[in-house]
Structures are given as structure tokens and as C-alpha cells.
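Worksheet: the structure to be examined is printed underneath.
The values are calculated or read from the model by the stated rules, or taken from the named source; none is laboratory data. Small disclaimer: the values here were computed from a predicted structure and weren't measured. Note that we place each Cβ from the backbone using ideal geometry, even for glycine, and neighbour counts take in every protein chain shown. Ligands, DNA and RNA are excluded from the accessible area calculation, which covers all protein heavy atoms including side chains. Shrake-Rupley method; radii C 1.70, N 1.55, O 1.52, S 1.80 Å.
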Amino acid sequence: MRRALFWILFPLAISQALRVRFPQATILLAGIPPQGGFPLLPFPLRSLFGLRGKTFDGLARHEVAGRESMLFLPLDFDPHPDKFSADGFHPSRASYAEFGEALSDACAAQLIAAG
């Protein structure tokens with residue numbers, strides 16, 4: 001449980017520091033990818049990482065939901081092997097581009113909502 005607490009407190013500490021420096025900014029926190037489908041990770045490590053990733057992702061989503069000017073961007077995607085680079089762990093170029101588009105869309109939606 002200590003690691004889960006650290007996983008939440010560390011990004012929140014960074015967001016608080018950003019808030020002091022940029023009080024009007026919207027802070028976007030990206031979720032945890034579905035680690036249970038990473039092709040590099042062997043069973044049972046893949047299952048363990050998947051479970052912990054879901055736990056941390058849920059905790060982060062819950063914390064962001066109660067904070068002003070913070071958005072949570074889930075990383076929900078099908079962890080098919082073609083979504084990964086040759087090392088089986090890092091995203092492929094196409095996945096990075098897809099993630100960049102999702103970030104851009106979330107920021108654009110926030111700007112439109114803010115007027």
C-alpha cells in the first residue's frame with residue numbers, strides 16, 4: 001500500500017508545484033497503460049503488473065476527479081503486440097502518435113470548455 005500511496009502523492013506534489021508556478025493552468029495526468037497485456041512481460045509478472053497498474057490507475061483517476069483544473073486521460077487501448085516497439089515494452093511510433101493526438105484532443109476540449 002505504501003507504493004500506491006507514493007504513486008498518488010508524487011504526481012500530486014508535482015501538480016501542486018505546477019499550480020504555484022502556473023495558477024491558471026489545467027494539469028493533465030495520463031493514466032497507466034494496460035500492463036497486463038505487455039508482450040515482453042512473462043506470466044505471472046504480466047498479471048501482477050496488470051493488477052497493480054489497474055490499482056494505481058484507479059487511485060489516480062479518483063484523486064484527479066476531486067481537483068479543480070485537473071484532467072485525467074485514461075490510456076485505454078488494446079495491448080496488441082503491434083502497439084509496441086520491437087522491445088515489447090515501449091510503445092510503437094504509431095502508439096506515440098495516437099497518444100499525442102489524444103493529449104491534443106483533451107487539451108483542445110478543455111480550452112473550448114474554458115471559452
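What to note about this one:
- Annotation: amide H-H contacts under 5 Å for Leu73 (H modelled 1.01 Å from N, sequence separation of 5 or more, or interchain): Leu29, Ala30, Gly31.
- Rounded tilt (10° steps) of 93-114 against the dominant C-alpha axis of the chain: 20
- Protection proxy ranking, peptides 85-94, 34-43, 65-74, average beta carbon neighbours within 10 Å, highest first: 34-43, 65-74, 85-94
- Percent accessible area from carbon and sulfur atoms, the chain, protein chains only, probe 1.4 Å: 64
- Segment Arg21-Arg52, length gained on full extension (0.36 nm per residue, minus Cα span): 8.0 nm
- Per residue, the accessible area of the range 23-115 comes to 66 Å² when a 1.4 Å probe rolls over the protein heavy atoms.
- The slack between Leu9 and Gln110, meaning 0.36 nm per residue of separation minus the straight C-alpha distance, is 33.9 nm.
- The chain - percent relative contact order, Cα under 8 Å, separation 6 or more: 26
- Dipole of the range 6-115 [Lys/Arg +1, Asp/Glu -1 at C-beta], most positive-end residue of Gln16, Gly31, Thr55: Gln16
- Taken over the alpha carbons of the chain as equal point scatterers, the Debye sum produces base-10 log I(q)/I(0) values at 0.12, 0.20 Å⁻¹ of -0.51, -1.16.
- On Cα atoms only, tilt of 2-21 relative to the major axis of the chain in degrees: 40
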